[in-house]
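In what follows, a single structure is set out as structure tokens and then discussed.
None of the figures in this text is laboratory data; all of them are computed from the coordinates on show. What you see is a predicted model; the values in this text were computed from it and never measured. So basically every Cβ, Gly included, is an ideal-geometry build from the backbone, and we count neighbours across all protein chains shown.
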There are 2 protein chains.
Amino acid sequence: MPKKKGLTYLDVAESWPRLTTADRARRLKQLPPEAAHEFFFDLSAADQAEVLVMLPPAERRLWIRLLAPDDVADVIQAAPSDQRGGLLALLDEPTRAEVTALLAYSEDEAGGLMNPRYIRVRPDMTAAEALGYFRRQAQERSGRDTPAFAYVLDVDGKLLGQVSLTRLIAADHAESAARLMQTDVVTIPEAADQEEVAHLFAEHSLVAAPVVDDKGRMKGVVTADDVVAVVEEEATEDIQKLGGSAALDAPYLKTAFHRMVRKRAGWLSALFLGEMLTATAMAFFEEEIARAVVLALFVPLIISSGGNSGSQASTLVIRAMALGEVRLRDWWRVIRRELAAGLVLGGVLGSIGFLRIVLWQMVSPIYGQHYMLVAATVFCSLIGVVTFGTFAGSLLPFILRRLGFDPASASAPFVATLVDVTGLVIYFTAASLILRGTVL
Amino acid sequence: MPKKKGLTYLDVAESWPRLTTADRARRLKQLPPEAAHEFFFDLSAADQAEVLVMLPPAERRLWIRLLAPDDVADVIQAAPSDQRGGLLALLDEPTRAEVTALLAYSEDEAGGLMNPRYIRVRPDMTAAEALGYFRRQAQERSGRDTPAFAYVLDVDGKLLGQVSLTRLIAADHAESAARLMQTDVVTIPEAADQEEVAHLFAEHSLVAAPVVDDKGRMKGVVTADDVVAVVEEEATEDIQKLGGSAALDAPYLKTAFHRMVRKRAGWLSALFLGEMLTATAMAFFEEEIARAVVLALFVPLIISSGGNSGSQASTLVIRAMALGEVRLRDWWRVIRRELAAGLVLGGVLGSIGFLRIVLWQMVSPIYGQHYMLVAATVFCSLIGVVTFGTFAGSLLPFILRRLGFDPASASAPFVATLVDVTGLVIYFTAASLILRGTVL
């Protein structure tokens, strides 16, 4: 590492999150030009857009032209909508055409992730010729952007195989690309969702993968460095939804307070409205409660057990779906498994609850002379409530996906709300069956 | 793509998840050798270990020697403990030494992720000489394993900079590595946690990064393809914990039923024991409930609102911590923010609850003549409960991290359980203050 003389890449990186937009642009210009460019390349698209908008027009043109077309497309998508046309206009004609084509893809598709520039060679080209392409590419690009493969295409643009740069260097210079290429290439359909792209990368530990259309024609390349960011982003979105709020789409501390509260208040109010049904259900059993107040004591315990087991089940199923381990057609297998799990888990909790009441009664007899019947009611209700919670929690993600929604919306709070009302009904029904004639 | 003749890589990939271990080894041997090797490289370490153990000893030696040292280390960690020595013994002497060194790193550290083999050059070496190294490496390695950079080290093994392969190809052959290298390299400390490694990759969109010890000496290289898998794994673990179960550490449908139930029963029982405190709290307020059954009606609504707002807050904070957006020292900023958010959210829910009771009373007068006071009780309790829920939910991850636990253990169910008891106390206290002399 060089001695510190003035500001370095790492100094700026350290202070970056705490700087205002204006300070960011200023700080970037204090770096030596090469470091400033490197730093700019490494920023997120949103930060790049922010910086570009702050720069004077002449510099803006210079900086945006440093980016590869897929990165420009991301920046334009991240920029405020009134700035997009202006940014596009800064590009040279061929790049503008490429970027416009990329902007037609949804941001979440493989097509939106890919770089449309890649090294294409013909099957009869020699290793020496193919290396010539890498050399020319390298002279145009920055140092960090290092294509790993050349792609062998036929005259119609169909992908025949890929040759790694390392293999090209090692090969006899007269060898043909057709003989050097590997043909068993994992390809990505252009409409694949970015989550699918991430799984393919994780499953096959890919460095880069070609994107092809439905006729096998190559459209561009996705590289592992882009996928790392995607996987983090997708996981964050899912986790925030699972926690029962809308995805923030921005770092927590950078999200404006009123924006964050709005995103959270929506879901929280919806859940609250759903949860109001519990007050209705409780009102329905008001007489039973009045006659046997002891029943009210276990209401929080019973309904929270249903909610907890439900959110456990839904979280496991949602993650398995997101990872592609469980598909829509597996629903029956999953439901059967969860029903069985629910019975076992309900039995475990029911037994603990039963013991708790019986033992507590020995210490302080607050549950009355029919405490065994109360304990039996709690035991049976827990089996019912936990089984129902597990069932509903595992079924809900399938229903949401089937209807075209994101299964991750089946958040812990959502499932808990759904299960609470049913839990009350199960509990009071069990109570009226078991306690009729004694306590009730 | 070649025409189908016999089995191909993609055929095996398609059927793989549904095959038994014995079938997997058999199917792999039906592939042409090169495709079989490619397929084997792309398997997860656990699957590689499974296949290796099924192969006859002679083949086992052949296959394990195809792997790079970091992958061998992963396989050995994934293998049953009684097989580990046997697998190590199959390696040649220098590889065994490298693998043993890697096994000393924790699996979750940068050192455990890195490949100790990389291309090292001296600063005075020419581009042509450096390319010679790539050529030799390439002849020893498989086609997919394509190093992107050569690393420039001084005589003590300290990292001076990196040169990309693309840059080497494009450069004048007589140029020295010292002049071609970039020096502003993002390096990874060898003890960095794999989550930190993932953030560095996502933040700087890295293709590969050198791992260095505390003296700046280079130890190995981590590449983006390894990081993709790590990010998915970490997110899965966090999500499963957030859902209130222990991490499964295996795909959902492949986890044996009894194992899965055990992992879930543990947390569920712990939460249930915690939740039992609600029965104690309720028993404490039994008299109030007996005097005003109307109070019992809103118990589920009140406590679930606390639980929901708490799990929202904890999920947001946990994810922000996992992404490095929020650090331990930010705790006060976060808590202040969450207290404010809790007051606003509580006010929103409280108003909805107030309106609900007043409007409902007009339709069917079930809340008695003092319904305005009941509504006021619900309003005040909701503000208190939601604020407390948000506060506890955001504080808990900080406390867990401070104590050295994983903040993701502050799952939605855990927070809900914690908040439920307090919620009851807040509710009944508000009730006795507001309703004393009228309903109570």
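One table, with the values for the structure above:
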item	result
Amide H contacts under 5 Å for B:ILE119, placed H, 5+ residues apart	B:TYR151
Shape of the protein assembly as shown, Cα gyration tensor, a/c cut at 1.5	prolate
Pair B:THR183, A:TRP332: separation of 7 Å Cα→Cβ label points (nm)	6.8
Equivalent ellipsoid, segment B:9-104 (semi-axes from 5 times Cα gyration tensor eigenvalues, Å)	23, 13, 12
Packing rank of A:246-256, B:179-189, where each peptide gets the mean count of other beta carbons within 10 Å, highest leading	B:179-189, A:246-256
Within a Gaussian network of chain B (alpha carbon springs, distance under 10 Å), most fluctuating of B:MET114, B:MET362, B:MET372	B:MET362
Copy-to-copy label separations for B:ALA128, where each label sits 7 Å from Cα toward Cβ, in nm and ascending	1.6
Anchor B:LYS215: aspartates and glutamates whose Cα lies under 20 Å away (excluding residues fewer than 8 positions away in-chain)	A:ASP11, B:GLU109, B:ASP154, B:ASP156, B:ASP184, B:GLU190, B:ASP193, B:GLU196
For A:325-338, mean number of other protein chain Cβ atoms within 10 Å	2
Bridge type composition, the protein assembly as shown - antiparallel percent by DSSP, nearest 5	75
Pseudo-label separations to other copies for B:SER15 - Cα-to-Cβ vector, 7 Å, nm	6.3
Global size of chain B as Cα Rg and Dmax, reported in angstrom	30.0, 96
Farthest toward positive dipole pole in the protein assembly as shown [+1 Lys/Arg, -1 Asp/Glu at C-beta], among A:PRO210, A:MET114, B:THR21	B:THR21
Per-residue HN-Hα couplings for segment A:271-283 [Karplus 6.51, -1.76, 1.60; θ = phi - 60°; Hz; x = Gly/Pro]	5, 5, 4, x, 5, 4, 4, 5, 5, 5, 4, 4, 4
In sequence order, calculated HN-Hα J values of segment B:292-303 (Karplus, 6.51, -1.76, 1.60; Hz; x Gly/Pro)	9, 4, 3, 4, 4, 4, 9, 4, x, 4, 5, 6
Sequence-distant residues sharing a close amide H with B:GLN162 (under 5 Å, placed H)	B:VAL152, B:GLN182
Options A:LEU273, A:ASN308, A:PHE257, ranked by Cα towards positive dipole end of segment A:252-435, top entry (Cβ charges)	A:PHE257
Leading residue at positive end of dipole, segment B:9-104 (Cβ point charges), from B:SER81, B:PRO56, B:PHE40	B:PRO56
Label point 7 Å beyond Cα along the C-beta direction, distances from B:ALA256 to other copies (nm, shortest first)	5.6
Shielding of A:202-211 by partner chains, average beta-carbon count, 10 Å	6
Projected label distance in nm at B:THR280 and A:TYR133, using a 7 Å step from Cα toward the beta-carbon	7.2
Average beta carbon contacts from partner chains per residue of A:284-291, 10 Å cutoff	3
Phi to ³J(HN,Hα) by Karplus 6.51 cos²θ - 1.76 cosθ + 1.60 over segment B:69-80, Hz, x for Gly, Pro	x, 5, 6, 4, 4, 5, 4, 5, 5, 7, 6, x
